[in-house]
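Take a look at the structure set out below.
The values are calculated or read from the model by the stated rules, or taken from the named source; none is laboratory data. The structure presented is a predicted model; accordingly, all values stated were derived computationally and were not measured. Please note: Cβ atoms are built from the backbone with ideal geometry, for glycine as well, and neighbour counts cover all protein chains shown. Accessible surface areas use protein heavy atoms only, side chains included; no ligands, DNA or RNA. Shrake-Rupley method; radii C 1.70, N 1.55, O 1.52, S 1.80 Å.
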Amino acid sequence: MNDDARHREKMAKRKAVQDAEVASKNIEKGLLVVHTGPGKGKTTAALGLVLRMLGRGHRVGVVQFIKGAWDTGEARALKTFGDRIAWHALGEGFTWETQDKARDIAACRNAWETARALMADESIRLLVLDELNIALRYDYLDLDAVVAELQARRPDLHVVVTGRNAKPALIEAADLVTEMGSVKHHFSAGVKAQEGIEF
């Protein structure tokens, strides 16, 4: 048997195994997805899902818990979808910039109330809670209450939570957790945040 024939036979066996595995999955539900870890790309990955959902004709929501009034490329681009996206940048900026814990807590509580309203909106199919992990890390929101409400959301709603240092209780509740690793970052070499890459 030549190499091509061996390869075809091997791939046919693999396809049969893959097809059987896919056929065995029959549950359909809204997922709780967590993007965490020290690496860059958590929000970027979540916004990729936003585009995928918009491309399928669904309505989406984004609530930013820490990021505030930045003029970002993603906000500009996604706002062109009009009322198919509910975009809420409600943060006051990074905690080391505000240096006002009470103000940060108030902003996060306001963002959580907005998130709760969007979870109740049956026209929203995907909700991104950007940097919610940061709000939970600093105890700006009650972890148990947030996790309980995320678990009690309606069955068809997908929710993506981003931010470093996801709490173990949130990880346990999630259906999918991806940890972004940091292998190398241009910032360490003195390269500043750049338009189209960081914002």
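Mind checking whether some residue in segment 24-34 is closer than 17 Å to residue 160 by Cα and touching a helix residue (DSSP H, G or I) at 6+ places or on another chain (Cβ under 7 Å)? Looking for residues that are closer than 17 Å to residue 160 by Cα and touching a helix residue (DSSP H, G or I) at 6+ places or on another chain (Cβ under 7 Å), one finds at least one in segment 24-34, hence yes. The set of residues in segment 166-185 being open to solvent by less than 80 Å² (accessible area, probe 1.4 Å) and farther than 23 Å from residue 52 by Cα consists of 166, 167, 169, 170, 171, 173, 181, 182, 185.
Could you tell me whether segment 27-38 includes any residue that is open to solvent by 70 Å² or more (accessible area, probe 1.4 Å), modelled with pLDDT of 90 or more and hydroxyl-bearing (Ser, Thr, Tyr)?
Scanning segment 27-38 turns up no residue that is open to solvent by 70 Å² or more (accessible area, probe 1.4 Å), modelled with pLDDT of 90 or more and hydroxyl-bearing (Ser, Thr, Tyr).
All of (1) open to solvent by 80 Å² or more (accessible area, probe 1.4 Å); (2) modelled with pLDDT under 85; (3) part of a helix (DSSP H, G or I) hold for residue 44 with one exception: (2).
For segment 47-71, filtering for residues that are modelled with pLDDT under 95, exposed (fewer than 15 other Cβ atoms within 10 Å of the Cβ) and among the charged types (D, E, K, R) leaves 1. Report whether or not residue 174 is of a type in the set (A, V, I, L, M, F, W, C) and over 26 Å from residue 56 (Cα atoms). No; evaluated as a whole, the condition is false for this residue. The set of residues in segment 1-45 that are of a type outside the set (S, T, N, Q) and under 30 Å from residue 188 (Cα atoms) comprises 33, 34, 35, 37, 38, 39, 40, 41, 42, 45.
Filter segment 101-128 for residues that are among the hydrophobic types (A, V, I, L, M, F, W, C), open to solvent by less than 70 Å² (accessible area, probe 1.4 Å) and in a helix (DSSP H, G or I) and give the result. Even if it seems obvious, please write down each step before you answer.
Going through segment 101-128, the residues among the hydrophobic types (A, V, I, L, M, F, W, C) turn out to be 102, 105-108, 111-112, 115, 117-120, 124, 126-128.
Subsequent filtering for residues that are open to solvent by less than 70 Å² (accessible area, probe 1.4 Å) retains 105-108, 111-112, 115, 117-119, 124, 126-128.
The answer is 105, 106, 107, 108, 111, 112, 115, 117, 118, 119.
Where helices (runs of 4 or more DSSP H) fall wholly inside segment 132-199, the ranges with 3 or more residues that are within 17 Å of residue 29 (Cα to Cα) are 143-151.
Residues in segment 139-170 that are closer than 21 Å to residue 107 by Cα, more than 17 Å from the chain's Cα centre (by Cα) and of a type outside the set (A, V, I, L, M): 139, 140, 142, 144.
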